[in-house]
Amino acid sequence: MRNISFAMTTQQILDRTKTVTRRLGWKFLKPGEFLQACEKCQGLKPGEKLCKLAVIEVVSIHTVPLNSIRNEDVAREGFPGMHWHQFVAMFCEAMACQPQDPVQRIEFKYVDEVAR
């Protein structure tokens with residue numbers, strides 16, 4: 001099972017309020033695939049262990065322009081009350097991309113809680 005990092009939205013995963021994520025370069029995913037949601041997957045320091053958060057199942061995946069997101073999906077990303085313009089700016093700063101860049105919109109459901 002492939003790991004997927006939720007470093008910026010760990011609490012939203014723990015609270016089960018996040019059901020959509022946008023990613024760059026995840027075109028290979030297919031609906032029905034299972035992923036291990038983790039706090040951080042890369043850049044672990046020596047002795048640091050993978051912190052597993054949940055097992056999720058991909059419900060759908062579509063490639064869309066980042067700036068096509070709207071407030072409803074921003075809430076599903078785990079940021080209720082944030083305007084979509086703010087989300088796009090935050091994403092672009094974190095991922096070094098442009099608002100019009102294509103991203104994969106991954107909808108998922110929680111399958112299993114993992115003992116931490």
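Taking every pair of Cα atoms in the chain, average 1/r, invert it to obtain the Kirkwood radius, and report Rg/Rh to two decimals.
0.95
Compute the FRET efficiency between C92 and V55 as 1/(1 + (r/R0)^6), taking r as their Cβ-Cβ distance and R0 = 30 Å, and round to the nearest 0.05.
0.50
List every residue whose amide H lies under 5 Å from the amide H of N3, counting only residues 5 or more places away in sequence or on a different chain, with H placed 1.01 Å from N in the peptide plane.
Q36
Whole-Hz ³J(HN,Hα) for each residue in the range 30-39, computed from phi via Karplus 6.51 cos²θ - 1.76 cosθ + 1.60 with θ = phi - 60°, x for glycine and proline: what do you get?
10, x, x, 6, 9, 10, 8, 6, 10, 5
Using Cβ counts within 10 Å as a stand-in for footprinting exposure, how do E48, E39 rank, fewest first?
E48, E39
What value, in deg cm²/dmol to 500, does the helix sum -39500 (n - 2.57) over DSSP H runs of n ≥ 4 give at 222 nm once divided by the residues of the chain?
-5500 deg cm²/dmol
Collect residues whose amide H, placed 1.01 Å from N in the peptide plane, falls under 5 Å from the amide H of C51; neighbours closer than 5 in sequence don't count.
E39, K40
Values in this text are rule-based calculations from the coordinates and carry no lab data. Source: prediction; values computed, not measured. When we count neighbours, we look across all protein chains shown, and the Cβ atoms used for this are built from the backbone with ideal geometry, even at glycine.
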